[in-house]
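The values are calculated or read from the model by the stated rules, or taken from the named source; none is laboratory data. Here the structure is a predicted model, which is why all the values come from computation and not from measurement. Reconstructed Cβ throughout: ideal geometry from the backbone, glycine too, with neighbour counts over all protein chains shown. Just so you know, the surface numbers come from the protein's heavy atoms only, side chains and all, with ligands and any DNA or RNA stripped out. Shrake-Rupley method; radii C 1.70, N 1.55, O 1.52, S 1.80 Å.
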Amino acid sequence: MSARTQEQILARFRAINDGTDFFGFRREVLLESMTRDSLRAVVAGLGHVEVGGDDTTYPAVAPEQLEQTAREYLTFAIGKAVDHRGISACRSVDKLREYAWLLGRDDVVQAMEDAEYEQYGVPKLKAFATGLGWPWPAEGDGSQEKALARMSEGLPCAEDCYDGCGR
């Protein structure tokens, strides 16, 4: 369940709407958690934008579904990092940071900030997962697990990686 009120979400959206969220990845997560009234407040000055739908469609990610949505997104984010998808991996880190904030976990947000971005943000992904007490999938002997274990330590996914993380 979301630990943040609509007022807090709206204030955060406005605060990061100053250009620090260049591609809008963080705002995207916040928008998904806004009620129709909050969305209207965001677009009020735009004039030509209409927020339609009914009350049952907002927020897109209901507070009680937020943790599950974040878990599913972490799985997606890990796939992007292991596949060496630079912009997608960066986007994933930004979005997970906002999920942690929405969950009221400022400690996890700080742990992610403190972690290095090396190897497509895997140390930040690990900080997110372990900070929330979720299992980190780098346990086991599969190729993805081995790659994650190395990448979370700031190492290339494999000794002979030529896809980007070894450079």
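Things worth noting here:
- Restricting segment 67-167 to chymotrypsin sites (Phe, Trp or Tyr not before Pro) in coil, as DSSP defines it, with at most 15 other Cβ within 10 Å: TYR117, TYR162
- Per residue, the chain exposes 54 Å² of accessible surface when a 1.4 Å probe is rolled over the protein heavy atoms with every protein chain present.
- Calculated SAXS-style log₁₀ I(q)/I(0) at q = 0.09, 0.15, 0.18 Å⁻¹ - the chain, Debye, Cα scatterers: -0.34, -0.82, -1.07
- Label-to-label distance, THR35 versus GLU145, with points set 7 angstrom from Cα along the beta-carbon direction: 4.5 nm.
- Entry note, the chain: relative contact order of 19 percent, from Cα contacts under 8 Å with a spacing of 6+ residues.
- FRET E, pair VAL43, ASP114, Förster distance 30 Å, beta-carbon r, rounded to 0.05: 0.30
- Percent carbon-and-sulfur accessible area, the chain, ignoring ligands, DNA and RNA, probe 1.4 Å: 49 percent
- Electrostatic bookkeeping for GLN65 treats Lys and Arg as +1 and Asp and Glu as -1; over the other residues with beta carbon under 13 Å from its beta carbon, the sum is -3.
- Among ALA60, ALA100, ALA15, residue whose mean-square fluctuation peaks in a GNM of the chain (springs only between Cα atoms under 10 Å): ALA15
- Charge tally in the Cβ shell below 14 Å around ALA3, where Lys, Arg are +1 and Asp, Glu are -1, ALA3 excluded: -3
- On Cα atoms only, tilt of 6-16 relative to the major axis of the chain in degrees: 60 degrees
- C-alpha long axis of helix 143-152 to longest principal axis of the chain, angle in °: 80 degrees
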